[in-house]
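To start, the structure itself, in structure tokens.
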Amino acid sequence: MGSKSPRRVELLKGLDIDFSSRVVETDEVYPSDLSPIDVPSYLALEKANAQEDLLQEDELLITADTIVLVEGIILEKPKSKEEAIQMIRALSGRTHTVITGVCLKTKSDTYTFSDETNVTFIDLLDTEIDYYISKYKPYDKAGSYGVQEWIGYIGIEKMEGSYYNVMGLPVQKLYAELKRFSQ
């Protein structure tokens, strides 16, 4: 797996697949004219391509990228507490879409796919937002939140799609695609 995300590593372990992690740092930059729904797959492919020369003949590389999309705007990882607060406020009382792109790559083949989940937050109080940001410091998470953390427990009203996709890896879809990819 080409990811430093502890959540993705945890989710992949849940599939009982033998794997190791290897990360090559890449810039998470995408063309400005790329449709937001295509950004995660593009970035997952870029992460896989960065490891192309390291791939062994019998190796399958899995890379992924997750974005939070609200009203056509991508919420990336926050750079400050203020930016994190702004992001959670933008999600409060609204439905947004979480999209994870996944790339499966071998020496001879490359395949990408994505999964989408719609998440609806209740109207959050400023005190709740500040508590979450101060205590959980979600600066490594797209959209400034982790569904598996306190904010998910108290703030998510409903979800349409894969919970695990919101955590960063659509494991059910990944499992199905791995079966198809290996045939």
**Asked** Is the stretch 85-105 home to any residue that is touching a Cys at 6+ places or on another chain (Cβ under 8 Å), in contact (Cβ under 8 Å) with a residue 12 or more places away in the chain and assigned to a helix (DSSP H, G or I)?
**Response** no
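Against the definition (at pLDDT below 95, of a type in the set (Gly, Ala, Ser) and under 18 Å from GLY146 (Cβ atoms)), how does GLY72 come out, yes or no?
Values: at pLDDT below 95: yes; of a type in the set (Gly, Ala, Ser): yes; under 18 Å from GLY146 (Cβ atoms): no.
Taking the combined requirement at face value, the residue does not satisfy it.
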**Item:** Given (1) assigned to a loop (DSSP other than H, G, I, E, B); (2) without any contact (Cβ under 8 Å) to a residue 12 or more places away in the chain; (3) closer than 20 Å to GLN148 by Cβ, number of the condition SER32 does not satisfy
**Value:** (3)
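Out of all the residues in the stretch 167-180, which are part of a helix (DSSP H, G or I), hydrophobic (A, V, I, L, M, F, W, C) and touching a residue at least 40 places away in the same chain (Cβ under 8 Å)? Talk me through it step by step, then tell me what you get.
Applying the first criterion (part of a helix (DSSP H, G or I)) to the stretch 167-180 yields 167, 171-180.
Of the ones still in play, those that are also hydrophobic (A, V, I, L, M, F, W, C) are 167, 171, 174, 176, 178.
Matches in the stretch 167-180: MET167, VAL171, LEU174, LEU178.
Answer yes or no as to whether ILE62 is under 15 Å from the mean Cα position of the chain (by Cα) and either farther than 17 Å from GLU149 by Cα or at pLDDT 95 or above (or both).
Taking the combined requirement at face value, the residue satisfies it.
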**Asked** Could you list, in sequence order, the residues of the stretch 127-166 that are among the small types (Gly, Ala, Ser) and part of a loop (DSSP other than H, G, I, E, B)?
**Response** GLY146, GLY161, SER162
**Asked** Has the stretch 103-110 got any residue that is at pLDDT 95 or above and touching a Gly at 6+ places or on another chain (Cβ under 8 Å)?
**Response** no
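One line per residue, one yes/no per condition, for (1) out of contact with any Ser or Thr (no Cβ under 9 Å at 6 or more places or on another chain); (2) hydrophobic (A, V, I, L, M, F, W, C):
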residue	(1), (2)
SER3	no, no
SER20	yes, no
VAL24	yes, yes
PRO40	no, no
ASP53	yes, no
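The values are calculated or read from the model by the stated rules, or taken from the named source; none is laboratory data. These numbers come from a predicted model, not from an experiment. Here the Cβ is made from the backbone with ideal geometry for all residues, glycine too, and neighbour counts use every protein chain on show.
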